[in-house]
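Before any comments, here is the structure.
The values are calculated or read from the model by the stated rules, or taken from the named source; none is laboratory data. None of these values were measured; they are calculated from a predicted model. So basically every Cβ, Gly included, is an ideal-geometry build from the backbone, and we count neighbours across all protein chains shown. With ligands, DNA and RNA removed, areas are computed over all heavy atoms of the protein, side chains included. Shrake-Rupley method; radii C 1.70, N 1.55, O 1.52, S 1.80 Å.
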Amino acid sequence: MQNLSLIQSLGQKLSPQQIQFIKLLQVPTAELEARIKEELEVNPALEEGKEEPTEEQAEESTEEVSEELDIDDYLNEDDYAGYKMQGDGNGQEEEREMPISSGSSLQEQLIVQLGFEKLDERQTQIGLQLLGSIEADGYIRRDLEAIMNDLAFSQNIETTEEELEEILYKIQTFDPPGIAARNLKECLLIQLEKRDDHAEENQLAHKIISSCFDEFTKKHYEKIQKKLGIDDEQLKEAVQLITKLNPKPGGVTDGLVKTQYLMPDFILTNTDGKLDLTLNARNAPELRISRSYADMFQSYHKSDKKDKKLKETVSFVKQKLDSAKWFIDAIRQRQNTLLNTMNAIIKYQYDFFQEGDESKLKPMILKDIAELISMDISTVSRVANSKSIQTEFGIYPLKYFFSEGIATDSGEDVSSREVKQKLKKHIEEEDKSKPLSDDKLEKLLKADGYNIARRTVAKYREQLNLPVARLRKEL
């Protein structure tokens, strides 16, 4: 297959075909169907169905037309230079990372719950505006005044802060607990209130968050005890209850949805040790060039080449035929590139895909795969950033398999994931009354044979969502 090196040297312009391929390569399987439908709607020369005639016949037909009909008789260079696909903009390449799409979202689940509330049409619109302001982690961080302005401008609904809060409080009773809170303090209080538990530790936990939140976040436990007049055991039970609450309620539901409904781009099966890779069937749509459009183009060689209207028609038909052919080619290139890239990843991480053992993942960077398949690193990056694979051990985003390497005392490279596992184990086994500092963790990891700097320990600890030693201290 031709090397699809998509990032050209500085100053070299990407062709429309390359732009088309780049955009399609980034699209996850879940969104591909919509993208194809969009192209079918804007290009009458593109049709669904198996190719009739075959691609070779269609190409021969186009070549025959080109030989019989000199397009220059109708068009000058400015008329057809730089044909672009629908939605290609100015030809500038986009570098944004595509999100992984799931079949059901937190928003959809909240909208269903809103439907169970006895709200009139106006209140429902206000509720939908509030739901639209909820961020991925489950919080509403926009000021209510700004949401009021949005309602006034976009929905022509005049409201007050009091009315907004009244509907917001209804939303805050929805699942997952803590949703639509405006800050962490409110999020924890909502969860405690929703427990409907009159036990002493629940009431005390509520009191700690409502009146000693700053002291709690800084782990100034003695100040809390003095302020509330409670003993060590009471404090310990309340703190244990608080630490079980969820600080990111949006993440829980979203995570569950992804586990259940994420549409994989690849499917890997293991039959007695033989790994078989297939593309999700939605990645292989049946598309063809319209025969009637090809025939229409071919008929023009018999017509008057001086006719101005005919010139415009030829320009339109030629553009649509080119666009259809480029789109079909780009879909095929996408399929080939996806399979080539994933096969290379499987070859590189063969031991992992046999057993699903995380410790068998090898250090792997984009360059390793790019060299294996003779493609540009940017091409591999686009595949890795937006695709996932279904295995017998679950669905994995391709980004999961890439990591930096850490040198050991023996000079071998190990995956940063392996080092993180060791780091996590040391923290889990530490004396919580005297938690390990990053300096001490660095020394322990070096004793394990990992050459790692303190700043890297701090980075890995943060990536594992583990707080600094002072905040890990327990009573």
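Listed conditions (1) part of a helix (DSSP H, G or I); (2) open to solvent by 80 Å² or more (accessible area, probe 1.4 Å); (3) under 30 Å from G132 (Cα atoms) are all met by E222, apart from (3).
Among the residues of this structure, K432 counts as one that is open to solvent by less than 60 Å² (accessible area, probe 1.4 Å), at pLDDT 85 or above and more than 35 Å from the chain's Cα centre (by Cα).
A Cβ distance below 7 Å, combined with a sequence gap of six or more or placement on separate chains, defines the contacts here; from the range 26-52, residues that are in contact (Cβ under 8 Å) with a residue 60 or more places away in the chain and part of a helix (DSSP H, G or I) reach residues that are among the hydroxyl-bearing types (S, T, Y) and surrounded by 12 or more Cβ atoms within 10 Å (Cβ to Cβ) in the pairs Q26/S386; A30/S101; E31/S101. Within the range 448-467, one or more residues are open to solvent by 50 Å² or more (accessible area, probe 1.4 Å), modelled with pLDDT of 80 or more and over 31 Å from the mean Cα position of the chain (by Cα).
Pairs linking a residue in the range 198-214 that is closer than 18 Å to C187 by Cβ to a residue that is aromatic (F, W, Y) and in a helix (DSSP H, G or I), with Cβ atoms under 9 Å and 6 or more positions apart or on different chains, are I208/F216; I209/F216. For the range 261-292, the candidate set comprises residues that are more than 28 Å from N43 (Cα to Cα) and among the charged types (D, E, K, R); within that set, the residue that is surrounded by the fewest Cβ atoms within 10 Å (Cβ to Cβ) is D272. Based on this model, can you work out whether S410 counts as open to solvent by 50 Å² or more (accessible area, probe 1.4 Å), modelled with pLDDT under 90 and assigned to a loop (DSSP other than H, G, I, E, B)? Here the answer is yes, as S410 does meet what is asked. The condition (being out of contact with any Pro (no Cβ under 7 Å at 6 or more places or on another chain), within 21 Å of Q107 (Cβ to Cβ), at pLDDT 90 or above and not small (G, A, S)) is satisfied by just one residue among I167, I190, I147: I167.
Among residues of the range 166-190 that are more than 14 Å from N246 (Cβ to Cβ), those with a beta-carbon under 8 Å from a residue that is open to solvent by 70 Å² or more (accessible area, probe 1.4 Å) at least six positions away or on a different chain give the pairs T173/K194; R182/R141. Please specify each residue of the range 170-187 satisfying the condition of being polar (S, T, N, Q) and either at pLDDT below 90 or surrounded by 14 or more Cβ atoms within 10 Å (Cβ to Cβ) (or both). The answer is Q172, T173. May I ask you to list the residues in the range 330-362 that are in contact with a helix residue (DSSP H, G or I) (Cβ under 7 Å, 6 or more places away or on another chain) and either farther than 30 Å from D272 by Cβ or not in a helix (DSSP H, G or I) (or both)? Of everything in the range 330-362, those that are in contact with a helix residue (DSSP H, G or I) (Cβ under 7 Å, 6 or more places away or on another chain) and either farther than 30 Å from D272 by Cβ or not in a helix (DSSP H, G or I) (or both) turn out to be A330, I331, Q333, R334, Q349, L361, K362.
So, of the residues in the range 193-219 that are assigned to a helix (DSSP H, G or I) and of a type in the set (K, R), which turns out to be modelled with the highest pLDDT? Applying the filter and picking the extreme gives K207. Criterion applied to I242, I190 was being out of contact with any helix residue (DSSP H, G or I) (no Cβ under 7 Å at 6 or more places or on another chain) and closer than 29 Å to L168 by Cα, and the one residue passing it is I190.
Results for (1) of a type in the set (A, V, I, L, M); (2) part of a helix (DSSP H, G or I), shown as yes or no for each residue.
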| site | (1), (2) |
| --- | --- |
| A146 | yes, yes |
| F153 | no, yes |
| I157 | yes, no |
| E166 | no, yes |
| K170 | no, yes |
| F174 | no, no |
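Which of the residues that make up the range 9-33 are open to solvent by 50 Å² or more (accessible area, probe 1.4 Å) and at pLDDT below 65? Matches in the range 9-33: S9, L10, G11, Q12, K13.
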